[in-house]
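For reference, the structure discussed in these notes is given below.
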Amino acid sequence: MARRLGILTGGGDCPGLNTVIRAVAKTAYAHGYELFGFLDGYTGLVEERYVRLDPPAISGLLHRGGTILGTSNRNDPFHFPVKVGDKVTYQDKSDQAIEILAKLDIEVLFVIGGDGTLAAARDFKAKGVRIVGIPKTIDNDLAATDQTFGFDTAVRTATEALDKLHTTAESHHRVMVLELMGRYAGWIALYSGLAGGADIILIPEIPWTLEGVLKKILARKAEGKPFSIVVVAEGVRSPAGELVVQRRVEDSVEKVRLGGIGQLVGRLIEEKSGIETRVTVLGHIQRGGSPSSYDRVLATRFGVAAAELAIRGLHGVMVCLRGNEISHVPLEEVAGRPRTVPPDHPLIHTARAIGISFGD
Ligand code: F6P
C-alpha cells in the first residue's frame with residue numbers, strides 16, 4: 001500500500017488554493033505517496049469526510065479559483081461547534097481528528113490556511129501530529145512570510161476596480177470611495193492604491209483626519225481636478241476612533257466582520273466638501289476568480305516545498321517566502337501575530353513622494 005498524506009484548506013478562501021493542492025498532489029505522487037483531501041476545512045477531518053486526490057481528481061486545477069475541497073472559518077477542532085437541538089455547544093474534537101488520521105494511516109497533514117487554521121495546526125503539533133502549514137490569505141497579514149498567495153490576485157482585482165472608477169469619477173467630477181478588504185492590515189489598500197492611482201489611501205496603520213482628507217480633495221479641485229479617488233481599507237477606524245463592524249459571526253475563530261467605513265468616509269466627504277461622492281464596496285470579488293500568474297507560481301512553489309519537506313521527514317513548520325527564497329519556520333512563530341503595514345514601510349514613502357495622501 002502506498003504511503004499516505006492528507007491535506008485540507010481552512011478559513012476564508014482565496015485564489016491559488018487549488019494550485020497548492022495540485023502542486024502537493026503531483027509532488028506526493030511523484031514520490032509514490034497517495035494524497036487524501038479532507039472536505040470543508042477541519043470539519044472534514046473531525047467528521048471523516050474526505051476524497052482521494054489521485055491524478056484525475058487534480059486535473060485542471062492550476063488556474064481554478066476557490067477550493068475543490070471546500071473550506072470553513074467556523075470549525076476550530078479544539079472548540080468545535082456541535083448543534084444540540086436549537087443550541088450550539090462547543091467541544092474539543094482534536095482527539096477525534098487525531099484518531100481519524102491514525103485510522104487512515106496519514107503520515108503528514110498539510111493545512112493551507114491563515115491565522116486561525118495555523119493556530120490549530122500549532123496546537124495539533126503540540127499533541128504530536130505531523131503537520132505542515134502553507135500560508136494563504138488575500139490580506140497578506142500572516143507573520144513569518146513576506147507574502148501569502150492570494151494577495152497578488154486581490155491587488156490586481158482592486159486595481160482593475162480603481163481603473164474603472166477613475167473614468168467615471170472624471171466624467172462626473174465626483175469623489176469615488178473604494179472600500180477594500182484586509183482586516184486589520186492595509187496591504188491590499190496600499191498596493192492597489194499605488195497601482196490604481198488613488199489620491200488618498202486610508203489604512204488602519206496610519207491614523208487619519210477628515211481635515212487631512214478634505215485638504216487633498218480641495219487642493220486637487222483648486223488645481224483643476226474636481227474628481228478624486230479614495231481607497232479605504234475595511235479596518236480603518238472612524239473619526240471617533242471606532243472600528244466599523246458589519247456583523248459578528250459567533251462560532252468563527254475571528255468573530256468580527258469589518259465593513260461600512262467606506263460609506264462613513266464617503267458621507268463625511270460629501271457633507272464637508274460639497275462634492276458629489278459615491279462609494280463602492282468591492283467585497284468578496286477580491287477573493288474570487290483565477291489566481292494571477294504570480295500567485296500560481298508562488299502557490300506552486302509553496303506546495304512543492306511543503307510536500308518535499310514532509311517527504312524528507314520534516315514537519316511542525318509552515319513554508320514561507322523570505323525575499324525570493326522559499327523557506328520554513330516553526331508553526332509556533334506564526335499564529336496570533338498579525339503582520340500589519342509598518343508606518344515607515346518603503347511603499348508609504350513612495351506613495352507620499354508622488355503626492356498620495358494618507359489622510360494624516
Ligand atoms: O481574511 C480574508 C477576508 O476576506 C478579510 O479580508 C475579510 O475581512 C473577511 O475575510 C471576510 O470574511 P467572510 O468571508 O466571513 O465575510
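Some values worked out for this structure:
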| read-out | value |
| --- | --- |
| From V279, V231, V249, residue being surrounded by fewer than 17 Cβ atoms within 10 Å (Cβ to Cβ) and either in the same structural domain as R64 (by TED's automatic domain parsing) or aliphatic (A, V, I, L, M) (or both) | V249 |
| Residues located in the stretch 123-165, provided they are within 16 Å of the ligand (Cβ to nearest atom) and charged (D, E, K, R) | K136, D139, D141, D152, R156 |
| Matching residues in the stretch 99-122 - criterion: being more than 16 Å from the ligand (Cβ to nearest atom) and in contact with a Leu (Cβ under 9 Å, 6 or more places away or on another chain) | I100, L101, I106, E107, V108, L109, F110, A121, R122 |
| Residue in the stretch 334-354 that is more than 22 Å from A195 (Cα to Cα) and assigned to a strand (DSSP E or B) present | no |
| Selected residue (criterion: surrounded by the fewest Cβ atoms within 10 Å (Cβ to Cβ)) from residues of the stretch 55-80 that are of a type in the set (S, T, N, Q) and within 13 Å of T9 (Cα to Cα) | N73 |
| Check on V213, within 14 Å of the ligand (Cβ to nearest atom), outside any loop (DSSP other than H, G, I, E, B) and either open to solvent by 10 Å² or more (accessible area, probe 1.4 Å) or within 23 Å of T167 (Cβ to Cβ) (or both) | no |
| Looking only at the stretch 166-185, and only at residues there that are over 10 Å from the mean Cα position of the chain (by Cα) and within 12 Å of the ligand (Cβ to nearest atom), the one that is farthest from G313 (Cα to Cα) | E179 |
| Qualifying residue in the stretch 106-113 (condition: aromatic (F, W, Y) and under 21 Å from T148 (Cα atoms)) | yes |
| One residue from G262, G289 being within 16 Å of the ligand (Cβ to nearest atom), in contact (Cβ under 8 Å) with a residue 60 or more places away in the chain and assigned to a helix (DSSP H, G or I) | G262 |
| Only one of G235, G241, G313 that is part of a loop (DSSP other than H, G, I, E, B), modelled with pLDDT of 95 or more and within 15 Å of the ligand (Cβ to nearest atom) | G235 |
| Looking only at the stretch 178-210, and only at residues there that are part of a loop (DSSP other than H, G, I, E, B) and among the hydroxyl-bearing types (S, T, Y), the one that is least open to solvent (accessible area, probe 1.4 Å) | T209 |
| Strands (runs of 3 or more DSSP E) within the stretch 1-97 that include 3 or more residues modelled with pLDDT of 95 or more and either away from the ligand (no atom under 16 Å from the Cβ) or assigned by TED's automatic domain parsing to the domain that holds R257 (or both) | 3-9, 33-38, 50-52 |
| Positions within the stretch 216-228 being touching a helix residue (DSSP H, G or I) at 6+ places or on another chain (Cβ under 9 Å), touching a residue at least 12 places away in the same chain (Cβ under 8 Å) and open to solvent by 30 Å² or more (accessible area, probe 1.4 Å), in sequence order | L218, K221, P226 |
| From I138, I112, residue being assigned to a strand (DSSP E or B) and of a type in the set (V, I, T) | I112 |
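The values are calculated or read from the model by the stated rules, or taken from the named source; none is laboratory data. These numbers come from a predicted model, not from an experiment. Counting neighbours? That spans all protein chains shown, and the Cβs are built from the backbone with ideal geometry, glycine included. Only protein heavy atoms, including side chains, enter the accessible area calculation; ligands, DNA and RNA are left aside. Shrake-Rupley method; radii C 1.70, N 1.55, O 1.52, S 1.80 Å.
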